[in-house]
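See below for the structure under consideration.
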Amino acid sequence: MPQAAAATVAQHTRDGSESPESPQATGSDFAPLLKAVRGQGLLGRRTGWYAAGIAANLVALGAVVTGMVLLGDTWWNVFLALPLAILWTRTAFFGHDAGHAQITGGRKAGRIVGLVHANLLLGMNEAWWNDKHVRHHANPNHIDKDPDVGVGALVWTQKQAAQREGFARWLTRNQARLFFPMLLLEGIALKIYGFQFLRRQPVRERALSALLLTCHLALYAALLLTVMSPAKAVVFALAHHALFGLHLGMAFAPNHKGMEMPDPDGERWGHLQRQVLTSRNVRGAVLTDWFLGGLNYQIEHHLFPSMPRPHLRLAQPLVKAHCESIGMPYAETGIVESYRQALRHMHEVGEPLR
């Protein structure tokens, strides 16, 4: 993690929000909720839970790789791209949690976990991810400060859409229907973004990140080309990264798209308002928690980023009750409806161009 991002994390974590001593936390609507959550020990570490989960995921990854080796040079091997993509998404979830200091309180240990899961196992630069993600958490859905709603392949406001020209204008007109197909490219894009970010890292961090990213590519290519022919290897890699990007995108898409977007020129929101009004939870049981990696408790995660994943569902009743007591909307919907709302927002953004 770059030093600037690490400093930001230190400022916003520990209790998973702004520093408790900050004016926005003390004496605010958030302070009673923070006290209640702390009182139930929900900000404490769950190192054993994470150790077991990481070990199980690594064993499962090893089992899939073993299956690939045993199957050998056959097109049947391409079907293993699906379980491998699913397990890569689990790996990304652990990397995400490590970046939020959920797994361990020590920054060095957390970074090691992040480097292994992101750079080595996924080929995704954890420094790039953390830099972008910290800025997103600080100002979710803020058009000037949240990189997740900046202008890219997709746009998120009609003002952004009005400035599009040429192919980008056509893309914006059709972005709702193209959203899920575009996610198929995300697995490859994540690798590209990571290599591009290397130039922004300090020399020592850059060297380590580059080494691990290169090791990932070398090991991945060696596995595929040793097990199967070049043609099958290319098809496997494309299918694997497409499924990985789709799964990861489906986990992040419901969280903020179509929710409130703060007015850059308006009143500055406090921590509770800024995190709750811009986030959407997804209802479900154990399967939903597993599929979305705990990100379905997006409101709780944004209020308390360093809260361990298994504690988010325990904090939800406290957060919902607190929001109800102060009259603050608390958005929660089913998974299908969450995608529908996100796509509806993207469709409305492109409406003036049609």
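The values are calculated or read from the model by the stated rules, or taken from the named source; none is laboratory data. Model, not experiment: these values are computed from the prediction. We place every Cβ from the backbone using ideal geometry, glycine too, and count neighbours over all the protein chains shown. Protein only, heavy atoms only, side chains kept; ligands, DNA and RNA dropped before computing areas. Shrake-Rupley method; radii C 1.70, N 1.55, O 1.52, S 1.80 Å.
A compact table of results
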read-out: Of residues in region 119-129 being open to solvent by less than 30 Å² (accessible area, probe 1.4 Å) and in contact with a His (Cβ under 9 Å, 6 or more places away or on another chain), the one nearest to residue 46 (Cα to Cα); value: 126
read-out: Residue 339 vs. criteria aromatic (Phe, Trp, Tyr) and not in a helix (DSSP H, G or I); value: no
read-out: Qualifying helices (runs of 4 or more DSSP H) (wholly inside region 220-328; at least 1 residues being under 16 Å from the mean Cα position of the chain (by Cα), of a type outside the set (Val, Ile, Thr) and surrounded by 21 or more Cβ atoms within 10 Å (Cβ to Cβ)); value: 230-252, 271-276, 298-303, 309-325
read-out: Selection count, region 135-181, where residues are open to solvent by less than 50 Å² (accessible area, probe 1.4 Å) and of a type outside the set (Val, Ile, Thr); value: 24
read-out: Matching residues in region 304-330 - criterion: being among the small types (Gly, Ala, Ser) and free of Cβ contacts under 8 Å to residues at least 60 places away in the same chain; value: 321, 325, 327
read-out: Residue list for region 329-354, restricted to those being open to solvent by less than 20 Å² (accessible area, probe 1.4 Å) and polar (S, T, N, Q); value: 333, 338
read-out: Segments classed as helices (runs of 4 or more DSSP H), wholly inside region 1-106, with at least 3 members that are in contact with a helix residue (DSSP H, G or I) (Cβ under 9 Å, 6 or more places away or on another chain), at pLDDT 95 or above and open to solvent by less than 30 Å² (accessible area, probe 1.4 Å); value: 30-39, 47-71, 81-99
read-out: Pair list, Cβ < 6 Å and 6+ apart or interchain, from region 331-345 residues that are over 17 Å from residue 176 (Cα atoms) to residues that are open to solvent by 40 Å² or more (accessible area, probe 1.4 Å); value: 332/283; 334/283
read-out: Pairs with Cβ under 6 Å, 6+ apart, first in region 47-63 and touching a residue at least 12 places away in the same chain (Cβ under 8 Å), second open to solvent by less than 60 Å² (accessible area, probe 1.4 Å); value: 49/310; 50/103; 54/94; 57/90; 60/87; 61/87
read-out: Looking only at region 199-216, and only at residues there that are under 23 Å from the mean Cα position of the chain (by Cα) and either of a type in the set (D, E, K, R) or within 13 Å of residue 129 (Cβ to Cβ) (or both), the one that is most open to solvent (accessible area, probe 1.4 Å); value: 199
read-out: Number of the condition not met by residue 222 [criteria: (1) out of contact with any Asp or Glu (no Cβ under 7 Å at 6 or more places or on another chain); (2) at pLDDT 95 or above; (3) under 30 Å from residue 340 (Cα atoms); (4) not acidic (Asp, Glu)]; value: (3)
